[in-house]
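The next block holds one structure in the form of structure tokens; read it before the comments.
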Amino acid sequence: MRRLPVYLLLDTSGSMRGEPIEAVKVGLDAMVASLRQDPFALESVHISIITFDKDVKQIMPLTELESMQIPDIQTPESGPTHLGMALELLCQKVDAEVQLSTPERKGDWMPLLFIMTDGKPSDVQLYNQMIPEVKKRHFGSIIACAAGVKADTKPLELLTSQVYSLDTTDSTTFKQFFKWVSASVSVGNRSIGAADEIVLPPPPPEVHNII
Amino acid sequence: METIKKYLAEIASDENQVKDFLEKNETEIRSFFAELWRKHSPAAAAQPVAEAAADNQQAQTGTQRFNAGVQPDNEKAKNDSLAFQIKNKQIAFQNGKVGQAYCVDFDIETLGIPDIAEVTFEGLEAIGLQHLPEEKCIKGNPTQAGDHKIEMKFKRKDWEEGKPLLVREVVFIINPDPRVLWSKNIPTPEDIEYYKPDSGKLFVKVASKKTKGVFGLGKKELARKDMVAASQRGRSHAIEGKPRDDDFLLYFDEEAEWYVMVVADGAGSAQFSRKGSQIACQTVIEVCQEKIAAKKGDFSKLKATEQKNEIGKILQEIISNAVFSAHKTIETEAKEKGRPIKDYATTLLVSLCKKFDYGWFVGAWWVGDGGIGIYRKEPEYLKVLGEPDGGEFAGQTRFLTMPDIIQKELYTRIRFDVVEDFTALILMTDGVTDPKFETDANLNRIEKWHALWDDLNGSNEDSVSVAFSDDSEQVAEQLLRWLDFWSKGNHDDRTIAILF
């Protein structure tokens, strides 16, 4: 049994409080429910969720879809967006959780990474330091999403060529976004191999390709 | 009231944040004030208060509800405080799966809310589950997949008819049965480029041969080994109506008595890999056929044990020519269509063998995953003719279509073995080796080959067996049926070729 690890990095800084974070929760639930209907995903997808605000937490360790229950997501009232710290934690978790092939063990599929932020990293120095570290982890795909008008796509472009933007942080937009993430995970599941990069399904109108 | 307003204004300048704070802590604030009211205004507790009733109506939002109606305030305070406790209790039930027995412990005592005496679950029966308070569990056989919202209705210890129940919603997640999701089988449209049937099978019967005897005496029938192969499109392709990428071909040279088997696995991510695997198999067989015919005189001369090296040299020439041509033919096809060769990426496993007086001479060439092995059950013998190519991550392997393979590794990948006899010479794509061997290390463990052989001979959950007796015609159909075995997470195309 080969696992497809999927890491979700979600911005939970103060500006996400209220409707945006509620929309994210609804979107996540819908994403997981939809993945459960895909037999590939049901048997292979493992998801981990890391949230970042002034603190960085892995609120869900790499968990198989079958037994997964999305934990509650808290947002502080205000404070910085420590995306650099989040990448640091991500690297630690990938090193600990993702299994490489050995003669005695089947390795995982190359992991996928989705990042969603409605701002920009406050810890710029650490963020820039972590970029090469993240690249060393050989993600099958890194998809970064800048949500809302205040989000800055520039720092994300340093991390990946697949940067998307959402005009708003309302529930319709997030619903579409996570639906697309779910479709991308399904595709990723079956196209990793000889291809250099997975070909993502076309994003919905709410999700704009930046590059 | 003004003091509270002022205080709120101090803690948050933003109107929304105040609203947010109040909404989030509604129950707590309400129960706090209700408690205050009860303590400091005993008169109010004795008789219904209109204001409290109005509040009560408002409280019927969210997950906690109270029966409408006028209640004494201490009653309301109790309920509010309980509702608060219930709401904030971590209650989660492990996920179930359709058709699989479900059983989780649930004891109301463990919630640690002493004022609660009883709980009922509304909606459980509809999904095939039951709450059994005596057995302190929830069990059953889930029938409906989905995220099911179930209402837990709590009764207070001093509950009596007419008093409200405290309600809280929990979610039961029931996973679909993957076997049902996988059961969709859409035929590949026949009008696609490079169409190939969704399955294939082949049996090459090599009839018994009469020995010459001495002066016409002592003639006997000599049973000769047969070849069989089968290839089945994986469920991962079947549910999407996508073609089989695997391929295979068998050839027996009647005159020189060489057996040739080829299997190939087109890369899942390469668009036209089904053609790559097909060209590879066909070219290898064609070149072998031609070369064996050209060398047949040599084979009849080089029969002695000490001439093994000569046979090895000829075999090396045949194999390297065949593999090189396979690569070139794919390259030509790609060029003609104006596509990169990697669109045709495929693995390749080749075996050639012939029986000499000293035993069986086996030559092999292998790139990619899957496996080739010479297996003997009794006395035990196993020789794996190469190593699977893998990377750090799953799905990473090497292909015939990579330039390095042909430029640098054409000769280093050739393997030879000479054996007295064997039970089976087996070539498989990773659709078979992944579920049956699991790891690369296991490919070199004879126990795993014993298990595979027993499995092929019927020791499997579907009791499908392949009759490997001499000249048994139905063996190909049986092998194809065997390939349909169930293995969680393994739904790739499967191809196997066996000389027995």
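Laid out as a table, the results:
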item	result
Residues of region B:383-395 satisfying the condition of being closer than 15 Å to B:Thr433 by Cα and in contact with a Ser or Thr (Cβ under 9 Å, 6 or more places away or on another chain)	B:Leu385, B:Pro388, B:Asp389, B:Gly390, B:Ala394, B:Gly395
B:Glu477 being touching a Gly at 6+ places or on another chain (Cβ under 7 Å), more than 14 Å from chain A (Cβ to nearest Cβ), surrounded by fewer than 22 Cβ atoms within 10 Å (Cβ to Cβ) and touching a residue at least 40 places away in the same chain (Cβ under 8 Å)	no
Residue satisfying all of: in region A:11-23; charged (D, E, K, R) and within 12 Å of another protein chain (Cβ to nearest Cβ); nearest to A:Leu87 (Cα to Cα) among these	A:Arg17
Test: B:Ala270 is buried (at least 17 other Cβ atoms within 10 Å of the Cβ) and more than 24 Å from B:Arg339 (Cα to Cα)	no
Which listed residue is in contact with a Pro (Cβ under 8 Å, 6 or more places away or on another chain) and among the hydrophobic types (A, V, I, L, M, F, W, C), from B:Leu165, B:Leu181, B:Leu222	B:Leu181
Any chance A:Ser67 is open to solvent by 10 Å² or more (accessible area, probe 1.4 Å) and either within 21 Å of A:Pro155 (Cβ to Cβ) or within 17 Å of the chain's Cα centre (by Cα) (or both)	no
Any hit, region B:214-232, residues being within 28 Å of the chain's Cα centre (by Cα) and open to solvent by 70 Å² or more (accessible area, probe 1.4 Å)	no
Residues that are of a type in the set (Phe, Trp, Tyr) and open to solvent by 10 Å² or more (accessible area, probe 1.4 Å), drawn from region B:244-258	B:Phe248, B:Tyr251, B:Phe252
Flag for B:Lys448 being open to solvent by 20 Å² or more (accessible area, probe 1.4 Å), of a type outside the set (Val, Ile, Thr) and part of a loop (DSSP other than H, G, I, E, B)	no
Any hit, region B:484-498, residues being buried (at least 17 other Cβ atoms within 10 Å of the Cβ), farther than 14 Å from B:Gly431 by Cβ and away from chain A (no Cβ under 14 Å)	yes
Only one of A:Val26, A:Val56 that is of a type outside the set (D, E, K, R), more than 10 Å from chain B (Cβ to nearest Cβ) and open to solvent by 50 Å² or more (accessible area, probe 1.4 Å)	A:Val26
Some residue of region B:127-145 being of a type in the set (Gly, Ala, Ser) and under 21 Å from B:Val167 (Cβ atoms)	no
Odd one out for B:Gly241, checked against (1) open to solvent by 40 Å² or more (accessible area, probe 1.4 Å); (2) part of a loop (DSSP other than H, G, I, E, B)	(1)
Qualifying residue in region B:429-441 (condition: aromatic (Phe, Trp, Tyr) and within 14 Å of chain A (Cβ to nearest Cβ))	yes
Selection from region B:86-95 of residues that are more than 10 Å from every other protein chain (Cβ to nearest Cβ) and either assigned to a loop (DSSP other than H, G, I, E, B) or buried (at least 19 other Cβ atoms within 10 Å of the Cβ) (or both)	B:Ile86, B:Lys89, B:Ile91
Residues of region A:74-113 satisfying the condition of being open to solvent by 10 Å² or more (accessible area, probe 1.4 Å), more than 14 Å from every other protein chain (Cβ to nearest Cβ), within 19 Å of the chain's Cα centre (by Cα) and under 26 Å from A:Val24 (Cα atoms)	A:Thr81, A:His82, A:Met85, A:Glu88, A:Leu89, A:Gln92, A:Lys93
Extreme residue, nearest to B:Leu382 (Cα to Cα), among residues of region B:406-442 that are part of a helix (DSSP H, G or I) and more than 19 Å from the chain's Cα centre (by Cα)	B:Ala441
Wholly enclosed strands (runs of 3 or more DSSP E) of region B:118-169 bearing at least 2 residues open to solvent by 30 Å² or more (accessible area, probe 1.4 Å)	B:129-132, B:146-156
Count - residues of region B:380-404 that are among the β-branched types (Val, Ile, Thr) and either part of a loop (DSSP other than H, G, I, E, B) or surrounded by fewer than 20 Cβ atoms within 10 Å (Cβ to Cβ) (or both)	2
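Table: residues versus (1) under 21 Å from B:Lys196 (Cα atoms); (2) part of a helix (DSSP H, G or I); (3) of a type in the set (S, T, N, Q); (4) open to solvent by 20 Å² or more (accessible area, probe 1.4 Å).
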residue	(1), (2), (3), (4)
B:Val263	yes, no, no, no
B:Ala280	yes, yes, no, no
B:Glu286	yes, yes, no, yes
B:Glu290	no, yes, no, yes
B:Gly297	no, yes, no, yes
B:Ala322	no, yes, no, no
B:Glu331	yes, yes, no, yes
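The values are calculated or read from the model by the stated rules, or taken from the named source; none is laboratory data. Everything numeric here is computed off the predicted structure, so don't read it as measured data. All Cβ positions, glycine included, derive from the backbone under ideal geometry; neighbour counts span all protein chains shown. Just so you know, the surface numbers come from the protein's heavy atoms only, side chains and all, with ligands and any DNA or RNA stripped out. Shrake-Rupley method; radii C 1.70, N 1.55, O 1.52, S 1.80 Å.
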